[in-house]
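The values are calculated or read from the model by the stated rules, or taken from the named source; none is laboratory data. Being a predicted model, the structure only gives us computed values, none of them experimental. Positions of Cβ are generated from backbone atoms using ideal geometry, with glycine treated the same way; all protein chains shown enter the neighbour counts. Heads up: the accessible areas ignore ligands, DNA and RNA and are worked out on the full protein's heavy atoms, side chains in. Shrake-Rupley method; radii C 1.70, N 1.55, O 1.52, S 1.80 Å.
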Amino acid sequence: MDLIEWLASRSDAVSLVETVQALALPKSSTLLLLRTLVDAGYVTRQADGRYLLIRLPGEPSETNSGWGTILRVAEPILRETVAAIEETGFIAVLTGDRQVRYLNKVLPMREIRYDRDIATQRVAHYVASGLMLLSGLADEDLEAYLRLSVPDEDDPGAIAARVSAARRQGYVANLHGRVEGAAGVAAPIRDPEGRIVAVVNMSGPRERIANNLSRVTEVTVEAARRASEALSRRMFKSEKSPARN
């Protein structure tokens, strides 16, 4: 941990010799620790042999969901948004089998007319959160989802069109939720590379959401933007990773 903390304090790559001198550790032990961090994906070894910290423990990455970190960063922002708009708020993520998992639920202080069991995962293309999360998949992964995960009674073309719209607009408004009378808006939380790692979802009774759709959309998008910025402040940006949709 001392090594990670020291690497995090540096803005540039460091050599093995610099690390040994700074931490007063044996050279062999320091090299072993650095190699362990490289293997774990926290540090990259550059062509000149210098080491650069690219991720802190708990941060989301291509191999680590980082859901706990995302929730800790985003939940205070979600609570402010729920208080402002007085609708139910969620942070949602996409699981490895392409289902929607809700990490939390924040209820408004007003009379609750909409609630949701977050213990049950949702089919991604049925809900606003899922459509927004699907928009963050690479094209080949989305094609695989449409081919393998969409039942016969659903239209893959229509789902693809909604995902494409989500990519263009930067949010999803779903006024015809799977729960009768429910509606919601979802916007993406992105990491520093531009990857969608979670979404902010605001939901409530369909009529109330529809009558206030512009405002609900505005605050949802703003909450997701703030959460993305807060997450980026906690993360290192890797120059080798391209941004995604």
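Condition first: at pLDDT below 90 and not in a helix (DSSP H, G or I). Can you find one or more residues in region 11-26 that meet it? Write out each step before concluding.
At the first step, the residues of region 11-26 found to be at pLDDT below 90 are 11-12.
Subsequent filtering for residues that are not in a helix (DSSP H, G or I) retains 11-12.
Within region 11-26, one or more residues are at pLDDT below 90 and not in a helix (DSSP H, G or I).
Tell me which of these Thr120 doesn't satisfy, since it passes every other one: (1) more than 20 Å from Gly89 (Cβ to Cβ); (2) among the polar types (S, T, N, Q); (3) modelled with pLDDT under 95; (4) loosely packed, with under 14 Cβ neighbours inside 10 Å.
Failing condition for Thr120: (1).
Within region 201-224, which residues are open to solvent by less than 10 Å² (accessible area, probe 1.4 Å), of a type in the set (A, V, I, L, M, F, W, C) and more than 11 Å from the chain's Cα centre (by Cα)?
Met202, Ile209, Val216, Ala223
Out of everything in region 39-48 that is not hydroxyl-bearing (Ser, Thr, Tyr) and not in a helix (DSSP H, G or I), what residue ends up being surrounded by the most Cβ atoms within 10 Å (Cβ to Cβ)? Steps first, please.
Of the residues in region 39-48, the ones not hydroxyl-bearing (Ser, Thr, Tyr) are 39-41, 43, 45-48.
Next, from what is left, pick out any that are not in a helix (DSSP H, G or I): 40-41, 43, 45-48.
Details: Ala40: 12, Gly41: 15, Val43: 23, Arg45: 15, Gln46: 10, Ala47: 5, Asp48: 7.
The extreme case among them is Val43.
Taking only pairs six or more apart or across chains, which ones have beta-carbon atoms under 9 Å, a first residue in region 190-216 that is more than 22 Å from Ile118 (Cα to Cα), and a second residue that is crowded, with 24+ Cβ neighbours inside 10 Å and charged (D, E, K, R)?
Going by the 9 Å Cβ cut-off, the qualifying pairs are Asn212/Glu87.
Looking only at region 2-38, count how many residues are within 21 Å of Arg234 (Cα to Cα) and open to solvent by 30 Å² or more (accessible area, probe 1.4 Å).
Total satisfying the criteria: 9.
Residues in region 150-180 that are open to solvent by 30 Å² or more (accessible area, probe 1.4 Å) and small (Gly, Ala, Ser): how many? Step through it out loud before you land on a result.
Taking region 150-180 and keeping what is open to solvent by 30 Å² or more (accessible area, probe 1.4 Å), we get 151-158, 160-162, 164, 167-169, 171, 173, 175-176, 178-180.
Right, trim to small (Gly, Ala, Ser) and you get 157-158, 160-161, 164, 173.
Qualifying residue count for the region: 6.
Checking Glu140 against (1) acidic (Asp, Glu); (2) open to solvent by 50 Å² or more (accessible area, probe 1.4 Å); (3) not in a helix (DSSP H, G or I), which test does it fail?
Evaluating Glu140 over (1) acidic (Asp, Glu); (2) open to solvent by 50 Å² or more (accessible area, probe 1.4 Å); (3) not in a helix (DSSP H, G or I) leaves (3) as the failure.
Could you say whether any residue in region 185-200 is under 16 Å from His125 (Cβ atoms), of a type in the set (Gly, Ala, Ser) and open to solvent by less than 20 Å² (accessible area, probe 1.4 Å)?
Within region 185-200 (the criterion being under 16 Å from His125 (Cβ atoms), of a type in the set (Gly, Ala, Ser) and open to solvent by less than 20 Å² (accessible area, probe 1.4 Å)), the answer is yes, since at least one residue qualifies.
Checking Met109 against (1) without any contact (Cβ under 8 Å) to a residue 60 or more places away in the chain; (2) among the hydrophobic types (A, V, I, L, M, F, W, C); (3) in contact with a Gly (Cβ under 9 Å, 6 or more places away or on another chain); (4) open to solvent by 20 Å² or more (accessible area, probe 1.4 Å), which single condition isn't satisfied?
Every condition holds for Met109 apart from (3).
Give the residue that is farthest from Arg215 (Cα to Cα), with candidates limited to residues of region 155-184 that are without any contact (Cβ under 8 Å) to a residue 12 or more places away in the chain and charged (D, E, K, R).
Top of the filtered list is Asp155.
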